[in-house]
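Inspection log for the structure reproduced underneath, given as structure tokens.
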Amino acid sequence: MRAVWVAVLAVVLATTASAQRRGGRFGPRVPDNPPYDGAFQFCRIAFRNASNGDGAGWYVDYPRADENLTFRLSELTSITVSDNGPHSYNHAVMNLTDVMTLSRCPFTMLTEPGGAYFDDDEAKALREYLQRGGFLWADDFWGEYAWEHWVGELRKALPSGQFTISDVPIEHPIFHMLYDVREFPQIPSIGFWAGTGGATSERGRDSAVPHARAAYDANGHMLVFMSHNTDFGDAFEREGDMREYFEHFAGKGYAVGVNVILYAMTH
């Protein structure tokens, strides 16, 4: 019996290790998505974390960032947003293989991409979504290791022979849709900023410079916008938590956030 249990345990451990290499669980269970009504809904991508990644999970900043950015979009633009009552805004969470829900999202956001893992089906679904006209914003990952890990996952969907990745110059139209953004901001998490007395680089020298980067197809069409070494999600989520943080970062965050959504919806 002891030999049998040892064998069973070995199989379980091997299976668990294999699952960790492939990617872990999707994270917390979320409520069912609201009905689709044709108006704008903030769409968030849920993903499994890689065992060798660098990120806390897809649910960082959820759901307040989704709700607050939707509210500001309705307040600052003429876009019709989906709601279910005053100051209650609909938003959706889906994994990449939820094709029906994903197809209703011209704009999607993915947070903490430095920890993401895509299997073959997810990578294929992401590529098809982007090639059909969808748009992805990947936000909140810090340092070179997180960047390299994310690029490795993204390249499963957008191979280097067909799609390019490069920095987005501040002169690009994405920064001038509604607001004239002249400097790409570094936005730290509220906890880091308050705990360090006002520092903004969460990984020191390794994340000293914030980067705006994008993935393009062969025709130069932007498919994925990436904000590296900065955390726009916290600027949205935490706008009401601390007056000083709001004054330093909310305006800068929403200027870029609104511009990105407008660019995604019109390009």
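Overview of values
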{"quantity": "For the range 42-161: accessible area per residue (Å², 1.4 Å)", "calculated": "38 Å²"}
{"quantity": "q = 0.21 Å⁻¹: log10 I(q)/I(0) that the Debye formula gives for the range 143-262, counting C-alpha atoms only", "calculated": "-1.23"}
{"quantity": "Span from the the range 46-64 Cα centroid across to the the range 147-162 one, whole angstrom", "calculated": "18 Å"}
{"quantity": "Cα-based convex hull, the chain, per residue volume (Å³, whole number)", "calculated": "160 Å³"}
{"quantity": "Within the accessible area of the chain (1.4 Å probe), percent carbon and sulfur", "calculated": "53 percent"}
{"quantity": "Distant-in-sequence amide H partners of Phe40 (H built 1.01 Å from N, under 5 Å)", "calculated": "Thr80, Val81, Ser82"}
{"quantity": "Cα centroid of the range 232-257 to Cα centroid of the range 89-124, whole Å", "calculated": "24 Å"}
{"quantity": "Calculated from backbone phi, Karplus (6.51, -1.76, 1.60) coupling profile of the range 90-101 in Hz, x at Gly/Pro", "calculated": "6, 8, 10, 10, 8, 8, 5, 8, 7, 4, 4, 5"}
{"quantity": "Helix runs (DSSP H) in the chain reaching 20 Å along axis by Cα, Kyte-Doolittle at least -1.0", "calculated": "2-22, 143-157, 251-266"}
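The values are calculated or read from the model by the stated rules, or taken from the named source; none is laboratory data. These figures come from a predicted structure and were not determined experimentally. These accessible areas exclude ligands, DNA and RNA; they are computed on the full protein's heavy atoms, side chains included. Shrake-Rupley method; radii C 1.70, N 1.55, O 1.52, S 1.80 Å.
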